[in-house]
1. Rounded to whole Hz and in sequence order, give me ³J(HN,Hα) for the range 53-69 from the Karplus expression 6.51 cos²θ - 1.76 cosθ + 1.60, θ = phi - 60°, writing x for Gly and Pro.
2. Percentage of Cα-Cα pair distances in the range 64-143 greater than 17 Å, rounded to whole percent?
3. List the chymotrypsin sites (Phe, Trp or Tyr not before Pro) within the range 36-111 that fall in a DSSP loop (any state other than H, G, I, E or B) and whose Cβ has at most 11 other Cβ atoms within 10 Å.
4. Direction-averaged shadow area of the convex hull around the Cα atoms of the range 1-126, nm²?
5. Relative to the longest principal axis of the C-alpha atoms of the chain, give the angle of the C-alpha long axis of helix 77-86, reported between 0 and 90° and rounded to the nearest 10°.
6. Testing the spin-label approximation: label points 7 Å from Cα along Cα→Cβ at Lys125 and Thr78. State their distance in nm.
7. With a 1.4 Å probe and every protein chain left in place, tell me how much accessible area Lys9 has, in Å² to the nearest 10.
8. Given points 7 Å out from each Cα along the Cα-Cβ axis, report the Ile46 to Tyr138 separation in nanometres with one decimal.
Amino acid sequence: MRIQARAQKNLEMLRYDLKLPPELTDDEVSDVLTIADDLEAWVKDIREHAVRTLLSGDKIDGWKIVEGRANRKYVDETKVAEAVIAAGHDPYVRKVLGITDMTSLLGKKQFNEILGDLVIKPQGKPVLVRADDKRPAYISSKNDFMEVEDYE
């Protein structure tokens, strides 16, 4: 999509005057969701452009680049393990392999023979997608058992 066309489409969002979701009709919610993917992509492009601009030494009023959060990590895991063992501790955690690794270890056929009855696939989390998505509509078993309670 051309940048100008995308910008024009994103400006269409202003007609909803940033109403809260309950204040929108179902048709308006549908319109916003249709535009939202493009708007999010546009904002991502703007952020990336701003980062490149600031890293190149140019300025953008009201914005700056800072160092992000970094997590500590070991320089050499082997030396860490050796040091902890020398101090009289066990640095390792023993746990059951995940399903993918266990399938690789046993092979699909043996995995199913040995563990088939011990593996479940719970219902996935609901995800909002466009109506033309090939997946079947989500059916919530939770809704079947919900009771409305009066909280007076």
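The values are calculated or read from the model by the stated rules, or taken from the named source; none is laboratory data. This is a predicted model, so every value here is computed, not measured. Glycine also receives a Cβ, built like all others from the backbone with ideal geometry; neighbour counts cover every protein chain displayed. Heads up: the accessible areas ignore ligands, DNA and RNA and are worked out on the full protein's heavy atoms, side chains in. Shrake-Rupley method; radii C 1.70, N 1.55, O 1.52, S 1.80 Å.
1. Result, ordered by residue: 4, 5, 5, 7, x, 6, 10, 10, 3, x, 9, 8, 9, 10, 6, x, 5 Hz.
2. Values: 2353 of 3160 pairs.
Result for the distance tail: 74 percent.
3. Details: sites: Trp42, Trp63, Tyr74, Tyr92, Phe111; in loops: Tyr74, Tyr92.
Qualifying residues, ordered by number: Tyr74, Tyr92.
4. On the way: hull surface 70.1 nm².
That works out to 17.5 nm².
5. Helix 77-86 sits at roughly 50 degrees to that axis.
6. Here the answer is 3.9 nm between the modelled labels.
7. Its accessible surface works out to 60 Å², give or take rounding.
8. Result for the modelled spin labels: 2.8 nm.
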